[in-house]
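These notes concern the structure reproduced below.
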Amino acid sequence: MSVTILGIESSCDDTGAAVIRDGILLSNVLASQKVHEEYGGVVPELASRAHQQNIVPVVDTALKRAGIDKSELSAVAFTRGPGLLGSLLVGTSFAKGLSLGLRIPMVDVNHLHGHVLSHFVREAEGDPVPEFPFICLLISGGNSQIILVNGYNDMKVLGQTIDDAAGEAFDKCAKVMGLPYPGGPHIDRLAAEGNPERFKFAKPRIPGLDYSFSGLKTSFLYTLRDAIRLNPDFIEENKADLAASLQATIIEILLDKLRKAVKQTGVRTVAIGGGVSANSGVRAAVEQYCLRNNLTPFIPKRSFTTDNAAMVAMAGYFKFLNNEFCPYDAAPYARVTI
Ligand code: KG4
């Protein structure tokens, strides 16, 4: 009998629904919230209100695009955390209502597991998936982690940020440059035209496999502040070089610890995930590093890098096969690790 999972994602500012049947993606729908742009960051109250408006049409569209009726669903998988509590409550409550109404089980998904397992989302039979064990560099707006993935539900954090995440470094530096939120994609676009060697910013000296990005952020801010004193048009005249140099520094920081993790573990497969893995420079750098060292890279499609429900449905599918269900009184959690 085939297994059909509806995945629901509402941890931050994207409302997503996706359908996976027997491990193959049938639909993946995402409603992103533009309302936060003018505030320079996600406003939690506005995010939960927008999820309320989006969730029914998004789920309805996902079922229609998958070409299935809700009676064909085997289970509803939903993101239980980490994330914004008000946003998570919308997805969690909707999942509860739907599974109770359809008398099908509910599967709770750790959003971070979802990002890692996005590499198993197949759009067609025969699409390649990583073999265990592999290392996943999970880099997003809220996380920067190096994870040793031994199995679908067996993951170990080898290193993580002790302050800001890589995405925050992109976004906060972009804000200093006057770029809109989220700044990561704008830095990526500008960096393509700039000189990555032009400016040098501070790099952290943190032992082990942990990351730190707050020093880089301060160094970027001070460089700009001092330069603007001499030339008020400094940012405008140098924005491509600033973006390229910032991006190159973030990539160097990320790759330095990734290389160490590969050396320490001897693992030969390297995956990346999370919003920052959409970055062209990061993708190219990881691909080149793997090529030079005879490692197998897994670089996700851009639509699976940022928050999406396909990864939630995928993680839910594995838990479903393992009979790991969630009780109806389950509450979402804002904070949780891998
Ligand atoms: O995984 P994600 O969608 O969700 C959160 O963690 O909230 O990641 C969002 C982050 C933001 O910081 C955004 O600026 C960054 O991913 N991002 C990028 C790019 N696309 C998204 N950073 C650099 N280059 C990109 N192309």
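The values are calculated or read from the model by the stated rules, or taken from the named source; none is laboratory data. This structure is a prediction, so every number in the text was calculated from the model and none was measured. In this analysis, Cβ positions are derived from the backbone assuming ideal geometry, glycine residues included, and neighbour counts consider all displayed protein chains. In case anyone asks, the SASA skips ligands and DNA or RNA and just uses the protein heavy atoms, side chains included. Shrake-Rupley method; radii C 1.70, N 1.55, O 1.52, S 1.80 Å.
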With +1 assigned to the C-beta of every Lys and Arg and -1 to the C-beta of every Asp and Glu, and no other charges, what is the dipole magnitude of the chain about the Cα centre in debye, to the nearest 20? 540
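Find, among the trypsin sites (Lys or Arg not before Pro) in region 221-309, those assigned to loop by DSSP (not H, G, I, E, B) with at most 13 other beta-carbon atoms within 10 angstrom.
Details: sites: 225, 229, 239, 257, 259, 260, 263, 268, 283, 292, 301, 302; in loops: 268, 301.
Hits after loop and neighbour filter: 301.
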Checking the a/c ratio against 1.5 first, then a/b against b/c, what shape does the Cα gyration tensor give for the chain? prolate
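For 21, 198, give the ranking by accessible area with the largest first, probe 1.4 Å.
Details: 21 65, 198 105 Å².
Output order, biggest surface exposure first: 198, 21.
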About its Cα centre, region 209-338 carries a charge dipole, from +1 on Lys and Arg Cβ atoms and -1 on Asp and Glu Cβ atoms, whose size in debye to the nearest 20 is 440
Antiparallel content of DSSP bridges confined to the chain, in %, to 5: 60
Crossing angle, helix 166-176 versus the chain [Cα axis fit, 0-90 degrees, rounded to tens]: 50
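Using the structure shown, list the pairs from 172/203; 172/200; 203/260; 34/257 with a Cα-Cα distance above 23 Å, or answer none.
Working: 172/203 16 Å; 172/200 17 Å; 203/260 16 Å; 34/257 34 Å.
Table pairs above 23 Å Cα-Cα are 34/257.
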Qualifying trypsin sites (Lys or Arg not before Pro) for region 55-144 [loop in DSSP, other Cβ within 10 Å: at most 15]: 103
Can you pull the one-decimal nm distance between simple spin-label points at residue 302 and residue 123, each 7 Å off the Cα toward Cβ? 1.3
Restricting to Cα pairs under 8 Å and 6 or more apart, the percent relative contact order of the chain works out to 25
Report, ordered by chain and residue number, the lysines lying within cross-link reach of residue 319, taken as a straight Cα distance under 22 Å and ignoring same-chain residues fewer than 8 apart. 70, 96, 156
Tally up the carbon and sulfur contribution to the accessible surface of the chain as a whole percent, 1.4 Å probe, everything protein left in place. 51
Using θ = phi - 60° and the Karplus curve 6.51 cos²θ - 1.76 cosθ + 1.60, what whole-Hz ³J(HN,Hα) does each residue of region 287-295 get, with Gly and Pro shown as x? 4, 5, 4, 5, 4, 5, 10, 6, 9
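What is the gain in length, in nm to one decimal, between residue 198 and residue 35 on full extension, counting 0.36 nm per residue of separation less the C-alpha to C-alpha distance? Write down the numbers at each step before the final one.
Numbers: separation 163, 0.36 × 163 = 58.68 nm, distance 3.53 nm.
Length difference between fully extended and current span is 55.1 nm.
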For region 255-338, list log₁₀ I(q)/I(0) at each q in 0.12, 0.20 Å⁻¹, using the Debye formula over Cα point scatterers of equal strength and ignoring solvent, two decimals each. -0.52, -1.03
Exposed-site-free run, longest, the chain (rule: GluC sites (Glu not before Pro); DSSP loop; at most 15 other C-beta within 10 Å): 198-323
Column: log10 I(q)/I(0), Debye, Cα scatterers of region 78-220, q = 0.12, 0.19, 0.21 Å⁻¹: -0.70, -1.23, -1.28
Over the chain, with neighbouring protein chains present, the accessible area per residue in Å² at probe 1.4 Å is 44
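Tell me which chymotrypsin sites (Phe, Trp or Tyr not before Pro) from region 287-338 have a DSSP coil assignment and no more than 12 other beta carbons within 10 Å of their own.
Details: sites: 289, 298, 304, 317, 318, 320, 325, 328, 333; in loops: 325, 328, 333.
Those that pass, being in a loop and sparsely packed, are 328.
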Hey, with R₀ at 35 Å, roughly what FRET efficiency would residue 240 and residue 131 work out to, going by the Cβ-Cβ distance, to 0.05? 0.30
If you average the alpha carbon positions of region 34-105 and of region 1-30, how far apart do those two centres end up, in angstrom? 10
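Can you give the Kirkwood hydrodynamic radius of region 27-113 from its Cα pairs, in Å with one decimal? Each step should come with its number before you reach the end.
Values: mean 1/r = 0.0716 Å⁻¹.
After inverting the mean inverse Cα-Cα distance, the result is 14.0 Å.
Run the numbers for residue 335 and residue 154: contour at 0.36 nm per residue of separation, minus the present Cα-Cα distance, in nm.
Values: separation 181, 0.36 × 181 = 65.16 nm, distance 1.90 nm.
Separation in residues times 0.36 nm, less the Cα-Cα distance, equals 63.3 nm.
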